[in-house]
């Protein structure tokens, strides 16, 4: 007696690529529908996820040719889902990354280390982004410091030019003989001021009627000027400028944030 043969109703298994395409179509349709329910455009999702619009559109349209490797596709799906309020890890876990993931029996043999590899790659990607941002920030800070130093160079040059003029003027006073007719006349003792900046402030110094310096000095700067007749110091932040006269104890020029002008004349001597 012959037994009838059983018909084989099993359909040929889909390839891994076909299974990815079907799963991507299913997940992309859900994401597209949820996005439209929330009245969000792809441009708005780009702002939330920082994923290029062409990749978001490729996920919704299940276009594998426009997407990167499967491991990265899973990460993109996770970010897309989280931006819409879903559990991104759970939602994207169904997308097949390897052949073992789409084989229910093979999943039992997957070690925990292999299951964690996509997460490790994601954190590595985040770490690289943070390092790049920090490097760019450092470059910008260096550029700002270089620009600040270049702005302070004219003040240094002005200081170097003023010193020879004061030295020549001092020598001319010391070398010049006093005539017999002026022997009984009064002479003036030179006056010297020292300026220390406790806060960055604009300052102008006039020595014997000539402007020797005008500009902004940074915090911590110390400068000195000397005059034969009169010294005038003006600032827009009197509380941030300490001034000493003839090497005496330094005092604030006034109250912080207020404009102040001080004139000091040379004392007469006999």
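The values are calculated or read from the model by the stated rules, or taken from the named source; none is laboratory data. Source: prediction; values computed, not measured. Cβ placement follows ideal geometry from the backbone for every residue including glycine, while neighbour counts extend to all protein chains displayed.
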Subset of region 248-270, residues over 14 Å from residue 204 (Cα atoms), touching a strand residue (DSSP E or B) at 6+ places or on another chain (Cβ under 7 Å) and loosely packed, with under 14 Cβ neighbours inside 10 Å, comes to 251, 265, 267, 268, 269
Which residues, counting only those in region 222-246, are in a loop (DSSP other than H, G, I, E, B) and crowded, with 16+ Cβ neighbours inside 10 Å? 228, 237
For residue 162: the one exception among (1) under 45 Å from the mean Cα position of the chain (by Cα); (2) modelled with pLDDT under 85; (3) more than 30 Å from residue 145 (Cβ to Cβ): (3)
Residue 205 - would you say it is in the same structural domain as residue 255 (by TED's automatic domain parsing), surrounded by 15 or more Cβ atoms within 10 Å (Cβ to Cβ), touching a strand residue (DSSP E or B) at 6+ places or on another chain (Cβ under 7 Å) and at pLDDT 90 or above? yes
May I ask you to verify whether residue 211 is in a strand (DSSP E or B) and touching a strand residue (DSSP E or B) at 6+ places or on another chain (Cβ under 6 Å)? no
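Does region 108-120 contain at least one residue that is at pLDDT below 95, outside any helix (DSSP H, G or I) and closer than 27 Å to residue 14 by Cβ? Talk me through it step by step, then tell me what you get.
Kept after step one, since they are at pLDDT below 95, are these residues of region 108-120: 108-120.
Add one more test, that the residue is outside any helix (DSSP H, G or I), and what stays is 110-111.
Filter once more, keeping what is closer than 27 Å to residue 14 by Cβ: 110-111.
There is at least one residue in region 108-120 that is at pLDDT below 95, outside any helix (DSSP H, G or I) and closer than 27 Å to residue 14 by Cβ.
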